[in-house]
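In what follows, a single structure is set out as structure tokens and then discussed.
Read the figures in this text as sums done on the coordinates, not as results from a lab. The shown structure was predicted, so the numbers you read here are calculated from the model rather than taken from an experiment. Virtual Cβ from ideal backbone geometry, glycine too; neighbours counted across all protein chains shown.
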Amino acid sequence: MKNTIVKRDILLFETRLLESFIITSELIRDWKPHILSLLREINEYIEVFNIFTAFKTEEGCYDVEIFWNNKPNAPVIRMLEQAIKTKLLGDNKGTGEIQCLNIAHEVADGTVTMCNQDAPEFKTRTLRTSDVDGIAGMTLTPQLADALDNDLLAERVLNIFANVSGSIKAIHSYTKEMSFYATRDPLTNLFNQRVFWELMQYESGRAHRRNYSFGLMVIDFDNFKTINDSYGHHFGDRFLQLAAIKLRQSLRDGDILARYGGDEFTIILPETTEEQALLVATRLTNDLKTLDLKDPDGKEIQTTASVGISICPTHSRDIKELFRIADGAMYKSKKKGKNMISLPTNEDIDTVFLQNKEKSLFLLNAVNKKENIIPHFQPIINVLTGKIEVNEMLMRLVRDDKLLVAGEFIDIAEDIGIVHKLDYIIIEKAFDNIRAACYTGNLFVNLSPRSLTITRFIPTIVKLTSDYGINPVNVVFKLTERDTVKNLAIMERFVLDLKHEGFKFAIEDFASGFSSYHYIKRIPIDYIKIEGEFIKGMLKDVVYHAFVRSIATLAKELNIRTVAKYVETPETLKELAVMGVDYAQGYFIGMPSAFIGDLEDRISVVV
């Protein structure tokens, strides 16, 4: 009985140890220094030579982390490494040899050398779940291992360490994959459009500080639509994958390749002159001609591309203008007969600037007269019932009998400081449509980041809901995750004020960035719209599938409704139902239109 009584200071130590192992983002990021600190603390109560983990990274390979209290000599290191390998072989039960051990040693106190010990005892715990596979252990002297008090304490410490280290490994692996896939195009594994713009912004600042020029290249394949239409989307996807590999091989180290969308690719060329950019583009177009692509009958398909180039600061210092100039040069290449490379002339640059000026004047006139600004609505269905319960409002402009989507003018509206006025006008017109159609469902409304800083924004919207007889509880304002992260403190206050007035709040492109799970607990979110690339790729990519499933599970636990956009096939919709996603939106569900209503007869959904 006496031997099993846990002393008060030991109990307090165990409590403190548990508190130290509470999993935080800091612990996941800097877990090695944290373990070394805890190892020193453990040695105040029981002499532990080391703590170690061994986690499987691939078949037959393990990453081994050994944390030493004192610096070990070579015989001690060999002894422990062999003991760990023997333990892993025993756990594998003859299923295969240990192909490789990637071993890293960390030392808490390097001033004292630990010499060879006679047959040290080590305790281990095997960790095997769907997320991790390995062992965690510690090494003691034989005398301490035989002492009952020390043995009980060692067991408790090891249990804590095994459980927490396994959790940290699983979370680290998950977030590492999440951050990778959130930046990548699922088809080609190249950077996606969002990351392209972030890298453009970074390169622009770096070039300005260091006083050098850099290039931007926009590439569009000349015959992709024909290939896609003739041989199907699967063949088109394979074409883009092979083209992406060929582009990457043709570039210099340090050049940044991204898939901008469809068959359009962008390349950032750091520290590059106009002449160097032309050399890269020439090599690239020549290499594309050697792309090994054959149709289903075995006939070789000729691959060519049209390329446009712009140089910062020669053509512009503004990254959006730089892109428009390169994009215009690419279309110039197509008009010249395709398979061409074009640099912008002064006339081309003047045309871009003139177009921007004309758009600015058009936008100012549209806002002042409240004309040519038209709301469109895209239906969002309840995945289980197929009923349209939500419509998302989309901003459209009419110019010269052509319908402009937001991406064609919103940047200019932000630059000239009128985007919040566009928000007011489009919301008022949408409310007018809702009243006329007697629509009783929910309405998603896109917000610009500028609206967060306008003091009168919420009072103005409250007045509009009152004037048009709209129930605020049916209005859901949403922002992209990227805007939310940048303005987290302002966002928190803004959302609380919205909720106070009865409105709801949604996050667009959830999990597209790296802070999703950090701010989801700070901001009272009602809906999350899952990053569209995950939805598009989830039937082909097990990682994307796992992300969507885990987001849906987490949201249900937090009582948050989930919306999947880019739903373009019945198979995707059925899988979303299985995973428990609440709502679906996309071309399969319904196209945006100027009409809002329940529209139950517009679609037929079988889930």
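In whole Hz, what ³J(HN,Hα) sequence does the range 450-458 give by Karplus (6.51, -1.76, 1.60; θ = phi - 60°), x for Gly and Pro?
Per residue, the Karplus-derived 3J(HN,Hα) values read 4, 4, 5, 9, 8, 4, 8, 4, 5 Hz.
List the residues whose amide H sits under 5 Å from the amide H of E271, counting only those 5 or more places along or on another chain, with H placed 1.01 Å from N in the peptide plane.
Under 5 Å from the amide H of E271: G215.
Tell me the trypsin sites (Lys or Arg not before Pro) within the range 293-401 that lie in a loop according to DSSP and have at most 16 other beta-carbon atoms within 10 Å. Write down the numbers at each step before the final one.
Details: sites: K294, K299, R317, K320, R324, K332, K334, K335, K336, K338, K357, K359, K369, K370, K387, R396, R399; in loops: K299, R317, K336, K338, K370, K387.
Hits after loop and neighbour filter: K299, R317, K336, K338, K370, K387.
In terms of modelled amide H atoms, which long-range or inter-chain residues lie less than 5 Å from the amide H of V383?
Residues meeting the criterion, in which the H sits 1.01 Å from N, are Y583, A584.
Pop the C-beta distance of I523 and T455 into the FRET formula with R0 = 22 Å and round what comes out to the nearest 0.05.
On the way: r = 20 Å, r/R0 = 0.91.
It comes to 0.65.
Let me spell out the model: positive unit charges on the Cβ of Lys and Arg, negative unit charges on the Cβ of Asp and Glu, origin at the Cα centre of the range 213-306. What dipole size does that give, in debye rounded to 20?
Value, rounded to 20: 200 debye.
Per residue of the range 399-406, what does 6.51 cos²θ - 1.76 cosθ + 1.60 with θ = phi - 60° give for ³J(HN,Hα)? Whole Hz please, x for Gly and Pro, Karplus curve as stated.
Taking θ as phi minus 60°, the curve returns 9, 6, 6, 10, 8, 9, 7, 4 Hz for the range 399-406.
What are the extents of the Cα atoms of the range 291-339 along their three principal axes, listed from largest to smallest and rounded to whole Å?
Cα spread of the range 291-339 along its principal axes, largest to smallest: 48, 19, 13 Å.
Sort the range 440-484 into rounded, prolate or oblate with this rule: let a ≥ b ≥ c be the square roots of the eigenvalues of the Cα gyration tensor; rounded if a/c is under 1.5, and if a/c is not under 1.5, prolate when a/b is larger than b/c, oblate otherwise. The partial results should precede the final answer.
Numbers: a/c = 3.70, a/b = 1.37, b/c = 2.70.
Taking the square roots of the gyration eigenvalues as a ≥ b ≥ c, the range 440-484 is oblate.
So what is the relative contact order for the range 247-378, in percent, with contacts set as C-alpha pairs under 8 Å and at least six apart?
Reported as a whole number, the value is 16 percent.
Counting pairs of alpha carbon atoms under 8 Å apart in space and at least six apart in sequence, what relative contact order in percent does the range 302-419 give?
18
First check a/c for the range 330-391, with a ≥ b ≥ c the square roots of the eigenvalues of its C-alpha gyration tensor; if it is under 1.5, answer rounded, and if not, answer prolate when a/b is larger than b/c or oblate otherwise.
Verdict is oblate for the range 330-391.
Suppose the chain between A577 and V462 were pulled fully straight at 0.36 nm per residue; how much longer would it get relative to their current alpha carbon spacing?
37.9 nm
List the residues, sorted by chain then number, that are 5 or more residues from T57 or on another chain and whose placed amide H is less than 5 Å from its amide H.
Correct list: Y62, D63.
Just round it to a whole percent: the fraction of Cα-Cα distances in the range 385-475 exceeding 24 Å.
That fraction is 26 percent.
What shape does the range 215-326 have by the C-alpha gyration tensor, where a ≥ b ≥ c are the square roots of the eigenvalues, rounded means a/c under 1.5, and otherwise prolate means a/b greater than b/c and oblate the rest?
prolate
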